[in-house]
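Peer 1: One structure follows; several queries about it will come next.
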Amino acid sequence: MNLSNQLTVSRFGMAFILTIFLTLPIPYGKTIGFFVFILAALTDYWDGRLARSTGTVTAFGQLMDPLVDKVLICAAFVSFVAIHQIVPAWIVIIILTREFMVTGLRLLAANHGQVIPASRWGKHKAAWQMIVIGVILVGLAAREDLLPLLLQADTLQSFLSLHYDRYFRYVTFWLSALVAVLTVLSGSLYLWQCRHLVREAK
């Protein structure tokens, strides 16, 4: 359990903390959740870079790094469904299905003594998921924590109902839908690349 792997595993705890701050009525919870997510994203960058620079790349890290990323991403999207479905449940189900499928492929490969590292498309997918989650968290933090400090109560409610909520939901939906398409595409490529493992498992 070297330092890079410790950073990887720490994201499990961050995913749990993120869910708490996003779904519970905690003062400035959305803003804190945003910074927790940024911290998790930074550990995702540094664990891989540290492992490569120190020559401590391990099979555990190659397996756990994408798995922990999935836990973090799924925690965020499930939380978005819990927050008045700002991301539609059907989009989140598509994303979860792909992540479980790829995890199953990795476990199948592990049974054959193989490790499936993250592919280029998988990394692109993860990067865009992180970006979209970050954008949504900024929007939530602005709505729940920043705007109440800047606007009076009657002006705030009018602004949210007439302007902010409409455009925020519109942007959130289309960003999430585009990520879902990319998620399905990368998952299909994984399935095609690992088709020999599926055949051997029959």
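Values quoted throughout were computed directly from the atomic coordinates according to the rules given, and no laboratory measurement underlies them. This one's a predicted model, so the numbers in the text were calculated from it and none came from an experiment. All Cβ positions, even for glycine, are placed from backbone atoms using ideal geometry, and neighbour counts span all protein chains on display.
Peer 1: Projected area of the chain, taken from the Cα convex hull and averaged over every viewing direction, in nm²? Don't skip to the answer; put the middle values down first.
Peer 2: Working: hull surface 48.9 nm².
So the Cα hull casts an average projection of 12.2 nm².
Peer 1: Could you line up Lys123, Lys70 from fewest to most neighbouring Cβ atoms inside 10 Å?
Peer 2: Working: Lys123 15, Lys70 20.
Ordered by Cβ neighbours within 10 Å, fewest first: Lys123, Lys70.
Peer 1: How large is the charge dipole for the range 15-165, taken about the Cα centre, if only the Cβ atoms of Lys, Arg (+1) and Asp, Glu (-1) carry charge, to the nearest 20 debye?
Peer 2: 560
Peer 1: Please name whichever of Tyr28, His84, Tyr190 sits farthest to the positive end of the charge dipole of the range 3-201, dipole taken about the Cα centre and charges placed at Cβ: Lys and Arg +1, Asp and Glu -1.
Peer 2: So the residue we want is Tyr190.
Peer 1: In whole percent, what relative contact order does the range 1-150 give with Cα contacts below 8 Å and a gap of six or more residues?
Peer 2: Numbers: 126 pairs, mean separation 50.0, N = 150.
Relative contact order here is 33 percent.
Peer 1: Can you tell me the equivalent ellipsoid semi-axes for the range 25-141? Use √(5λ) from the Cα gyration tensor, largest first, whole Å. Provide the component values of the computation, followed by the final result.
Peer 2: Working: eigenvalues 152, 68, 22 Å².
Equivalent-ellipsoid dimensions as semi-axes: 28, 18, 10 Å.
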